[in-house]
Amino acid sequence: MAIKIGLEIHCRLNTKSKLFCSCSTNSQEKEPNKETCPICLGLPGYKPLLNKSAVEYLIKMGLAFNCNISEESYFSRKTYFYPDMSKNFQITQYEIPIATNGNIHINDNEIRIKRIHLEEDPARIVYANGSISTTKYVLIDYNRAGAPLAELVTEPDIKSPKEARLLLEKISSVLDYLGIYDPSKEASIRVDANISSDGERVEIKNITGFENVEKALSYEEIRQKGMSRMNKKIERETRHFDETTKMTTAMRKKEYEEDYGYIFDPDLPLINIDKNWVEKIKSSMPELPEKRAQRMATQYSIDQYDANVIVYTGRDFADFFESCIKKLNKPKEISKWMINYLLKSLNWRSERISNSKVTVDRFIEFIELIDNNTITERFGKELIKEFVDSGDSPKGLVGKISTQTKPLNEVINNIIIENPKAFDEFKLGKKEALQFLIGKVLNATGKRSDPKEIVNILNSMLEK
Amino acid sequence: MQLITKNLSAADFVSNSINGSIDISEFYGALNEKLAIIQKKYAPFITIIDNPELPKKHGALYGLPISIKDCICTANIKTTAGSKILENYIPPFDATSVKRVKENGGVIIGKTAQDEFGFGTFSTNCAYEIPRNPHDPNRSCGGSSGGAGCISAAADFPHIAIAESTGGSITAPAAFTGTVGLTPTYGRVSRYGLIDYSNSMDKIGVIAKNVYDTALGLTYISGHDANDTTSSNTKSENFEDYAKNSTVKGMHIGVPKEYFDNIDNRITKAVMDNVHKLENDGAIISEVSLKLTQYALPSYYLIAMSEASTNLAKYSGLRYGMQNYVDGNFSEYFSNIRENGFGREAKRRIILGTYARAAGFRDAYYMKALKVRRLIIDEFKERFKHLDALIAPSMPIIAPRFDEIKKLTPLENYNMDKLTIGPNMSGIPTISIPIGTIESMPIGMQIIGDHYNESKIIKIAAVAERNLNGN
């Protein structure tokens, strides 16, 4: 039985101020409850004021995913009581969302997008001791309350947990290119996932992290298949994904649709979305990742795969790549070093290129060292780690690292003294002995030396 | 001091305060005692401000005593909206209307009594003392702005009341207390700082002793406000100018027959006498029909209760207002607060409103009511193509006694609003003026205009007022 997956994806938009007030959205480092006002705290008498740039961001998102943009749209009140809700209703869009009927392609599968709408984020709940199931009380931080979220709802067209993850990566990348969200912030994307195989639809609420989404869905897929095999009925319910055990647990049975008693928010008049406005936004849209990757592969004659890696790593990464090429027209060399080594070092440090110490000029300096054979590739691989760590000039680093190591002659000499038998056999022309000695030297130099160079030195020693 | 200010109009009081012939600090020194006596007799206030903040610079309301309905936020002054759930609530900000009163030199003297969150027609659904009618303390002041009507009638000093109406909460108390009540066009006065009842229909307006003072009050609280998206860009006017030397010559006035069904005959007669006088003054009178009137009441209550039930969700004893020892889980805690903090009528409206917007009922009730409202607005707009104003009784009865009110079923109670609901849910302006008495209790007549046509209804009201004063 094939599984069907649909996602509700909440993306935090990076506008400067919140959706309905002028409080800053950049409150992660701030003291709890400092970035608040009567509007986002829901004090009696306040009135919400729509942040128009959030509407613009949502239109961009809708256009990027081939949606229809509504000419008129409304905000509604979704009412439910929960401690993270300052008003016990959330201002969201119900009847007519800003964007509808779009699609995203993952390989050959078209995933239809039902709608994308704007809504306000609730406050952050801090579980004081332990998790949702063990805590005795919770603390609430309203700094996040009222931040703008785009909720994207897909049709149940996703065919596997892996595909769900690919979809999220693609959406994340597009939002990054549009410059409307911050991919470096944790919890910039939160997901509710619906999955059904044989029986009723099961919802897994509030999963953070793409890997967790895949894991939660895989766990659920296996659980549901197991249930079917045992002829057990899969009930309609809401489950919670535990990030530590990587398992889903039942939260509540869902016998009927939740009733949120939607009404139009009477404080916010109709949003008029003028066709000219949409056209203006369309013309200001940047090149999106799919197109960029295709263009880069052709323009720089690099592998499509490599172009994809560069583009989907992030807009900043691709921008870095193209800036490098403007200074040194060696696309293959640059892409090879960026993908295989620079990215690895950045990932090791959990850094993005844009907030690392690496600059275009110094990276070019590094490529040139390799290109003109000042350093070996092997040494380059070592050097790049130091370079990403410090951001210092690669030329300077070469000197520094070389002085820390003994000259190669000296190392080889010591090895010969320690292994006289092997050297004798090498003199007799035994290949195994040569391999043995090279191995010893490589180990001693931390693989920084070039085997060719070692052979040259050994040969020169024969002549002595 | 008493003799000097007693019969002064608000405007004369202001000019005397500015030229120094009235010393406002002396005036306010004497006012405290006066307010205490009124409060003891009629209870118009929830909060009296003992040492009101006097203005530092001159303005169009310089030194004028102004009361504020308790659902309008006042910075650092307790604001309860008549509810126990906000018994200790002190807002951190002034409502725009309050800010404008202060900027123009007005002096806030107190917060007036009301039905809890505006839920009522008699100011009897109140967590605090019920205001009593200065014409007969055994009778209601009307609601929900009962305190505003009460102090306007009882004050023997110049005064303007800032009141609020959702479905008739200015007209009812004005009619019952023999004062003038002006409910402006929806959007004319900023709602920023108004504690919401039904946001799509709530309007801040004015109650005072005469048409001129009432119009003056509107002039200085109206105008666009960036803090309220629904506030209108329409230019503010000097409304009080329309109350001076006005004429009704050539104005077309309609008398809607549906507004005279099941009305006290004596009220009908008084209204028609006044209509005839206006005809003698040159107005062109015609009988008209507003067939959709009968649908106004149910659709109004569906919309108002749906919106109110979401507005009241935020009162959960967590961030402000009534609090309790935290006991049990979140649901148990907030349920307990709401059980103890809300009155019967608030609970009734939360339950009915939640039902009307629930899945499965929403289309039949809430959505349909919105459509009916649209049709009712269209019907008014159609009439105003040919008419400058409509005239009708304000209330179907004179102010009832408290023992009579106790006998009313909720439905009979809601039915008291049948004459005010239509204009209020359509967002069109109305002014209610006193036109005589029955059994020494005041009768009110309302003049209804098209959106933003306050000028016309003020003109007609001023002429009718002059006719009654015999000049």
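The values are calculated or read from the model by the stated rules, or taken from the named source; none is laboratory data. These numbers were taken from a predicted model, which means no experiment stands behind them. Methodologically, a virtual Cβ is constructed for each residue, glycine included, from the backbone with ideal geometry; neighbour enumeration extends over all protein chains shown. These area figures cover heavy atoms from the full protein model, side chains too; ligands, DNA and RNA do not enter into them. Shrake-Rupley method; radii C 1.70, N 1.55, O 1.52, S 1.80 Å.
Summary table
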{"quantity": "Where a label projected 7 Å from the Cα of B:Asn238 along Cα→Cβ would reach, residues of region B:78-104 with amide N under 20 Å", "calculated": "B:100-104"}
{"quantity": "Cα-based helix-to-principal-axis angle, A:394-404 vs chain A, degrees rounded to 10", "calculated": "50 degrees"}
{"quantity": "Cβ-derived FRET efficiency at R0 22 Å, B:Ser335 paired with A:Thr238, nearest 0.05", "calculated": "0.50"}
{"quantity": "Cβ-Cβ FRET estimate between A:Ser22 and A:Val455, R0 fixed at 60 Å, reported to 0.05", "calculated": "0.30"}
{"quantity": "Virtual paramagnetic centre 7 Å along Cα→Cβ of A:Met227, amide N under 17 Å, in region A:170-202", "calculated": "A:193-202"}
{"quantity": "Compactness of chain B, expressed as Rg and Dmax over alpha-carbon positions, Å", "calculated": "21.0, 71"}
{"quantity": "Links that overshoot a 21 Å alpha carbon limit, given the list B:Lys57/B:Lys78; B:Lys235/B:Lys277; B:Lys40/B:Lys111", "calculated": "B:Lys57/B:Lys78; B:Lys235/B:Lys277"}
{"quantity": "Gain on full stretching of the segment that runs from B:Val288 to B:Arg466 - 0.36 nm per residue minus C-alpha separation", "calculated": "61.5 nm"}
{"quantity": "Delta accessible area of at least 30 Å² on complex formation, residues of region B:329-351, 1.4 Å probe, chain isolated as reference", "calculated": "B:Phe330, B:Phe334"}
{"quantity": "10 Å Cβ neighbours from other chains, averaged over peptide A:301-307", "calculated": "0"}
{"quantity": "Other protein chain Cβ atoms within 10 Å, averaged over every residue that makes up A:264-271", "calculated": "5"}
{"quantity": "By accessible area with a 1.4 Å probe, ligands and nucleic acids excluded, highest first: order of A:Thr15, A:Thr134", "calculated": "A:Thr134, A:Thr15"}
{"quantity": "Mean residue ellipticity (222 nm) of the protein assembly as shown, computed from DSSP H runs ≥ 4 via -39,500 (n - 2.57), nearest 500", "calculated": "-12000 deg cm²/dmol"}
{"quantity": "Simple spin-label estimate for B:Asn413 and B:Lys385 in nanometres, 7 Å along Cα-Cβ", "calculated": "4.1 nm"}
{"quantity": "Accessible solvent surface per residue of chain A, calculated while the other protein chains remain in place, 1.4 angstrom probe, Å²", "calculated": "49 Å²"}
{"quantity": "Chain lengthening between A:Glu29 and A:Glu155 when straightened (0.36 nm per residue, less Cα-Cα)", "calculated": "41.7 nm"}
{"quantity": "Value of D in µm² per second that Stokes-Einstein yields for the protein assembly as shown, Kirkwood Rh from Cα pairs, at 4 °C (1.567 mPa s)", "calculated": "40 µm²/s"}
{"quantity": "Among B:403-411, B:243-251, the order from most to least packed when residues are scored by Cβ within 10 Å on average", "calculated": "B:243-251, B:403-411"}
{"quantity": "Per chain B, cysteines lacking a partner by the 4.7 Å Cβ criterion", "calculated": "B:Cys71, B:Cys73, B:Cys126"}
{"quantity": "Accessible solvent surface per residue of chain B, calculated while the other protein chains remain in place, 1.4 angstrom probe, Å²", "calculated": "37 Å²"}
{"quantity": "Listed residue pairs exceeding 24 Å between alpha carbons, taken from B:Lys84/B:Lys314; B:Lys385/B:Lys456; A:Lys78/A:Lys280; A:Lys170/A:Lys282", "calculated": "A:Lys78/A:Lys280"}
{"quantity": "Distance between modelled label sites at B:Ser25 and A:Asp198, nm, 7 Å Cα→Cβ extension", "calculated": "8.8 nm"}
{"quantity": "Order by protection proxy (mean Cβ within 10 Å, highest first), peptides B:71-84, A:381-394", "calculated": "B:71-84, A:381-394"}
{"quantity": "Spin-label model distance (nm) - B:His58 vs A:Asp259, 7 Å beyond Cα toward Cβ", "calculated": "6.3 nm"}
{"quantity": "Candidate aspartates and glutamates for bridging to A:Lys427, where Cα separation is under 17 Å - those fewer than 8 sequence places away on the same chain excluded", "calculated": "A:Glu418, A:Glu463"}
{"quantity": "Highest to lowest packing among B:283-294, A:2-13, scored as the average C-beta count within 10 Å", "calculated": "A:2-13, B:283-294"}
{"quantity": "Contact surface B-A: accessible area buried, both sides summed, square angstrom, 1.4 angstrom probe", "calculated": "2800 Å²"}
{"quantity": "With eigenvalues of the C-alpha gyration tensor scaled by 5 and rooted, region A:408-462, Å", "calculated": "16, 11, 10"}
{"quantity": "Per residue, the convex hull volume that the Cα atoms of region A:65-215 enclose (Å³)", "calculated": "149 Å³"}
{"quantity": "For B:Ile49, distant residues with modelled amide H under 5 Å away", "calculated": "B:Gly110, B:Lys111"}
{"quantity": "Candidate residues A:Trp348, A:Trp277: accessible-area rank, largest first, probe 1.4 Å", "calculated": "A:Trp348, A:Trp277"}
{"quantity": "Per-bin percent of Cα-Cα distances, region A:4-280 [10 Å]", "calculated": "6, 27, 35, 24, 6, 1"}
{"quantity": "Buried on assembly, region A:33-70 (at least 40 Å² less accessible surface than by itself, 1.4 Å probe)", "calculated": "A:Leu43, A:Pro44, A:Gly45, A:Lys47, A:Leu49"}
{"quantity": "Region A:287-404 - percent of accessible surface contributed by carbon and sulfur, probe 1.4 Å", "calculated": "46 percent"}
{"quantity": "Virtual paramagnetic centre 7 Å along Cα→Cβ of B:Lys249, amide N under 14 Å, in region B:271-298", "calculated": "B:280-284"}
{"quantity": "Quarter of Cα convex hull surface for chain A, i.e. mean projection, nm²", "calculated": "30.3 nm²"}
{"quantity": "Estimated vicinal HN-Hα couplings, Hz - region B:238-243 in sequence order (Karplus 6.51, -1.76, 1.60; Gly, Pro = x)", "calculated": "8, 4, 5, 4, 6, 8"}
